[in-house]
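**Q** Questions regarding the structure given below will be posed in turn.
The values are calculated or read from the model by the stated rules, or taken from the named source; none is laboratory data. Owing to the predicted nature of the structure, the values given are computational and were not obtained by experimental measurement. Backbone-built Cβ (ideal geometry, glycine too); neighbour counts: all protein chains shown. SASA here: full protein model, heavy atoms, side chains in, ligands and nucleic acids out. Shrake-Rupley method; radii C 1.70, N 1.55, O 1.52, S 1.80 Å.
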Amino acid sequence: MTIGVGGSTAAIELAKIEDMTTNVQPIAIEEYQLRIQKAVVLMKEQNCKAMYINAGTNLYYFTGTKWNPSERMVGALLFEDESIEYIVPQFEDGTFKKFMQMPGNLNCWEEHESPYALLGTILKNKQITSGTIALDESAAYFLVDGTTKANPAYDFTNAQPITAGCRMQKSANEIAIIQQAKEITMVVQRAVAKILYPGMEVNTVVDFIHKAHIKAGVASGSYFCIVLFGDDSQYPHGVTTPQNLKENDIVLVDTGCRLEGYLSDITRTYVYGTPTEAHRKIWNLEKATQRAAFEAAQINATCGSVDDAARKVLAEAGLSGDYKIPGLPHRVGHGTGLDIHEYPYLVRGNQTQLLEGMVVSNEPMICVPGEFGIRHEDHFYMTKNGPKWFTTPMESIDNPFGITT
């Protein structure tokens, strides 16, 4: 039997988990101010007079305001003097003020009025009658369409070089929050492995993972959860009708939580019972592939070169060095932070250089059609001396969690 897998119960494992969030430090106002200052520097480099930031993670990142995007325009204009002008539906005025962190004027529009015209009015009030305005890359098409049509005097451009230019490099406090989120999810991963038994349903596992994250201090529980047994594991993002656990099945668990807005995302793959030689071969190859990607991720290396390094290992082992299966059908990894997938991406041809503070996943999943899939997913962040793991990669197929006692 695989070490650390099976032999316990949900009640026993939940009782062991304690609150792990008591020492987490939220992002301070001073850090939001630094983010705005950096954004303004990048705006000037892009020759942008202002940047529209839409509701969602970009608004949260720059202003600390938690607000979900919807069919109504809610956001903020950031200007070269570092001032902020919010755009908010009139009936949300009171609520929005309760969520505001960074000071700024509230510009409100009634339901029958055009928020896009209001945006233009704000620009004119700031003495900006022409020039380039950056629009949040996450804004829905209707927002971009409405804004550009209502304001033909301006040139609009994609804000992604500014927003991602800030968000890709995490601060020490951001990394500390992400580290704690990862450690919470690793406790949950070890716990869920212990409660497995033949005949167990996927929904039972998912429910336990959610409760375990809550027990660890994350009130919202799991941010997402993918649990796959047996040949379901060959499909990276799951199946419509999951099968129950059987003896000697592959088990793939991919889950995470949100802590102070930042996300964890860890996958563990192991065998419930005794691994076959095929399991062992692919499991070990996955480990070697993940390691190769990690070692390639040096300061100033391109994101694409990390993907290349992983595929080289697969090609040398006789699998596809491209996207065909058996092999790795997707990119090696993605940035993560306030969004589960964000810049930069470890994908072929990406010339983005790895810089200190960048946080990325390393998950070169190997899919064997008709049989199973193996995904080891850990994340690392870039230090001035190179990559550093948030979580220790899996030990071995016989002892995946490296249990010593």
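**Q** Checking Val359 against (1) more than 17 Å from Asn284 (Cα to Cα); (2) surrounded by fewer than 16 Cβ atoms within 10 Å (Cβ to Cβ), only one condition comes out false. Which one?
**A** Looking at each condition in turn, Val359 falls short on (2).
**Q** Pairs under 7 Å by beta carbon, first residue open to solvent by 10 Å² or more (accessible area, probe 1.4 Å) in region 46-69, partner hydroxyl-bearing (Ser, Thr, Tyr) and part of a strand (DSSP E or B), six or more apart or different chains?
**A** Asn47/Thr132; Lys49/Thr132
**Q** Checking the structure you have, find out if any residue of region 257-269 is touching a strand residue (DSSP E or B) at 6+ places or on another chain (Cβ under 8 Å) and aromatic (Phe, Trp, Tyr).
**A** no
**Q** What pairs come out if I take residues in region 116-129 that are among the aliphatic types (A, V, I, L, M) and pair them with residues that are open to solvent by 60 Å² or more (accessible area, probe 1.4 Å) whose C-beta lies under 8 Å away, six or more apart or interchain?
**A** From residues that are among the aliphatic types (A, V, I, L, M), the pairs are Leu123/Lys49; Leu123/Thr129; Ile128/Lys49.
**Q** Mind counting the residues in region 1-45 that are in a helix (DSSP H, G or I), under 30 Å from Ile122 (Cα atoms) and open to solvent by 20 Å² or more (accessible area, probe 1.4 Å)?
**A** Summing the residues that are in a helix (DSSP H, G or I), under 30 Å from Ile122 (Cα atoms) and open to solvent by 20 Å² or more (accessible area, probe 1.4 Å) in region 1-45 gives 11.
**Q** Which residue, of Tyr223, Tyr197, is open to solvent by 50 Å² or more (accessible area, probe 1.4 Å) and assigned to a loop (DSSP other than H, G, I, E, B)?
**A** Tyr197
**Q** Kindly check whether there is at least one residue in region 103-119 that is on the phi > 0 side of the Ramachandran plot and open to solvent by 50 Å² or more (accessible area, probe 1.4 Å).
**A** no
**Q** Suppose we filter Glu174, Glu183, Glu247 for residues that are under 30 Å from Ile29 (Cβ atoms) and surrounded by fewer than 21 Cβ atoms within 10 Å (Cβ to Cβ); which single one remains?
**A** Step by step, each of Glu174, Glu183, Glu247 is checked, and only Glu183 is under 30 Å from Ile29 (Cβ atoms) and surrounded by fewer than 21 Cβ atoms within 10 Å (Cβ to Cβ).
**Q** For region 310-356, how many residues are among the small types (Gly, Ala, Ser), closer than 30 Å to Tyr61 by Cα and surrounded by fewer than 16 Cβ atoms within 10 Å (Cβ to Cβ)?
**A** 1
**Q** Does at least one position in region 204-219 carry a residue that is within 18 Å of Asp378 (Cβ to Cβ) and open to solvent by 10 Å² or more (accessible area, probe 1.4 Å)?
**A** The answer is no, given that none of the residues of region 204-219 is within 18 Å of Asp378 (Cβ to Cβ) and open to solvent by 10 Å² or more (accessible area, probe 1.4 Å).
**Q** Assess whether Ile250 counts as being outside any strand (DSSP E or B) and of a type in the set (Val, Ile, Thr). Write out each step before concluding.
**A** Details: outside any strand (DSSP E or B): no; of a type in the set (Val, Ile, Thr): yes.
So Ile250 does not fit the description; no.
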